[in-house]
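Remarks on the structure that follows.
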Amino acid sequence: MLSPRNYIFLKDVLWLALTAFGGPQAHISMMFKILVEKRRYLTEAELIELNALCQILPGPTSTQTITAIGFRMGGPNLAYLTLLVWIAPATIIMTLMGLTMSYLQANNISLRFTRFILPMAVGFVSFAAYRISSKVVNTKTGIGMMVISANISYFFNMPWVYPILLIAGGAVTALRYKAQPIEPDKNIKINWSNFILYTAVFIAAAVLGGTTQMRGFKLFENFYRNGSLIFGGGQVLIPLMYSQFVEFKQYLTSEEFLSGFAIVQALPGPVFAFCSYLGALAMRDYGIGGQLLGSLIGTVGIFLPGTFLIFFVIRFWGELRKYRVIKASLEGINAVSSGMVAAAAILLYHPIDTNLANIAIVVGTFCLLLWTEVPPPYIILTGLLTGLLF
């Protein structure tokens, strides 16, 4: 039975799912505002710690973070509801976009009206980088690690770089563990059930994907594997999916992929909802029923690994964080992740034409978020309307 406070929390999660634009970094910024400053479901330090934990796990960072908050507030049942409420709006819209893309392409309907959304997304991510770094990077060591992380993330934008950076950052500050206070009564009890489920599904998906010719099984294996290997959020997901679905398997054209990417940038909620769109288009040869199944496969496949892992870790995180080495490592993890966010903002700008209008949109979006209380949906809607009219 959910308490009244739990229902209010789910209402807030739905509001975030409908208004949190700009990717995982911008999502965390909005969580600070609504879940910490407004509702006080948890403290600022607790949210920073949970986000750092989710940064070192593969999967969708903001989805894992908000699911972990639900678990802390109401246990597994509230966590499952939190996950569903959070991903539902974006995945439903991206499924519908997958179903309609063939129609749009066949009738030469231009998606040019989304052209202002990408520079706006850069503004959102830039603001998130500023806000997060101002909260979690407070030492010279942290600033140095953030700068190094930003440079490495920018020049070596490969999936394996992110976990190495996070582990290295945590290891550097873990060396100063003696500065942390000693907490008594540490008693870790690990429930391995979710990790066993995660591993069993990974192995089963690999076997089925490698031995069957059924596209549905192959798609699930592909999404589940990528959901198990992606660190750093949606900005890492995009180049990986482009390589596999456009260049290698040719399930989508480059135009279809980039159009879907522009649309998901215009939507609130998790960027990983892009996989609902990819799954639908990858199964278009099987009719509408096949596309709906493909969307479901993409959604479940990409979100399931991270869900298994956060449910596994969050059960003993409260005790694990009492260890001074773990607590000290969070400073480095936060500094490195802040640098990754800054690099993501620059990388996200690469597909955009460098002209005065786009630069003005990036700067204008950043300034609106910094100095005004204009809700993000209004900013995005203004961009869409401007794209339609001009």
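The values are calculated or read from the model by the stated rules, or taken from the named source; none is laboratory data. Note that the coordinates shown come from a computational prediction; the quantities given were computed from them, not determined experimentally. We place every Cβ from the backbone using ideal geometry, glycine too, and count neighbours over all the protein chains shown. These area figures cover heavy atoms from the full protein model, side chains too; ligands, DNA and RNA do not enter into them. Shrake-Rupley method; radii C 1.70, N 1.55, O 1.52, S 1.80 Å.
Evaluation of Met241 against the conditions (1) at pLDDT 80 or above; (2) assigned to a helix (DSSP H, G or I); (3) surrounded by 18 or more Cβ atoms within 10 Å (Cβ to Cβ) shows that the sole unmet condition is (1).
Checked against the criterion of being more than 21 Å from Ile310 (Cα to Cα) and surrounded by fewer than 18 Cβ atoms within 10 Å (Cβ to Cβ), region 185-197 contains one or more residues that satisfy it. Here is the figure for region 1-32: residues that are part of a helix (DSSP H, G or I), in contact (Cβ under 8 Å) with a residue 12 or more places away in the chain and farther than 18 Å from Phe127 by Cα total 11.
For region 104-112, the count of residues that are on the phi < 0 side of the Ramachandran plot, open to solvent by 10 Å² or more (accessible area, probe 1.4 Å) and within 19 Å of the chain's Cα centre (by Cα) is zero.
With respect to being of a type in the set (A, V, I, L, M), open to solvent by 40 Å² or more (accessible area, probe 1.4 Å), part of a helix (DSSP H, G or I) and without any contact (Cβ under 8 Å) to a residue 24 or more places away in the chain, Leu381 fits the description.
Does Leu118 satisfy the criteria of being over 24 Å from Phe21 (Cα atoms) and either touching a residue at least 12 places away in the same chain (Cβ under 8 Å) or surrounded by 18 or more Cβ atoms within 10 Å (Cβ to Cβ) (or both)? Criteria not met by Leu118. On inspection, Val147 passes the criterion of being in contact with a helix residue (DSSP H, G or I) (Cβ under 7 Å, 6 or more places away or on another chain), closer than 28 Å to Pro58 by Cβ and open to solvent by 70 Å² or more (accessible area, probe 1.4 Å).
Ile288 fulfils the conditions (1) closer than 30 Å to Leu197 by Cα; (2) modelled with pLDDT of 85 or more; (3) outside any loop (DSSP other than H, G, I, E, B) except for a single criterion, (1).
Taken together, the residues in region 33-72 that are in a helix (DSSP H, G or I) and open to solvent by less than 10 Å² (accessible area, probe 1.4 Å) amount to 16.
Of everything in region 332-356, what is assigned to a helix (DSSP H, G or I) and either out of contact with any helix residue (DSSP H, G or I) (no Cβ under 8 Å at 6 or more places or on another chain) or open to solvent by 60 Å² or more (accessible area, probe 1.4 Å) (or both)? Give them in sequence order. Those that are assigned to a helix (DSSP H, G or I) and either out of contact with any helix residue (DSSP H, G or I) (no Cβ under 8 Å at 6 or more places or on another chain) or open to solvent by 60 Å² or more (accessible area, probe 1.4 Å) (or both): Ile346, Leu356. Under the condition of being within 24 Å of Met1 (Cβ to Cβ) and open to solvent by less than 10 Å² (accessible area, probe 1.4 Å), the residues counted in region 73-92 number 4.
Scanning region 121-144 for residues that are among the aliphatic types (A, V, I, L, M) and open to solvent by 30 Å² or more (accessible area, probe 1.4 Å) yields one hit, Ile143. Take the residues of region 12-53 that are hydroxyl-bearing (Ser, Thr, Tyr) and under 15 Å from the mean Cα position of the chain (by Cα): which is farthest from Leu309 (Cα to Cα)? Among residues in region 12-53 that are hydroxyl-bearing (Ser, Thr, Tyr) and under 15 Å from the mean Cα position of the chain (by Cα), the one farthest from Leu309 (Cα to Cα) is Thr19. Looking at Ala79, Ala129, just one residue is within 20 Å of Pro24 (Cα to Cα) and at pLDDT 90 or above, and that residue is Ala79. When we screen Val264, Val300, Val325, Val271 for residues that are under 17 Å from Pro89 (Cα atoms) and surrounded by fewer than 24 Cβ atoms within 10 Å (Cβ to Cβ), the only hit is Val300.
Here Arg131 clears all of (1) farther than 26 Å from Gly318 by Cβ; (2) basic (Lys, Arg); (3) assigned to a loop (DSSP other than H, G, I, E, B) except the condition numbered (3).
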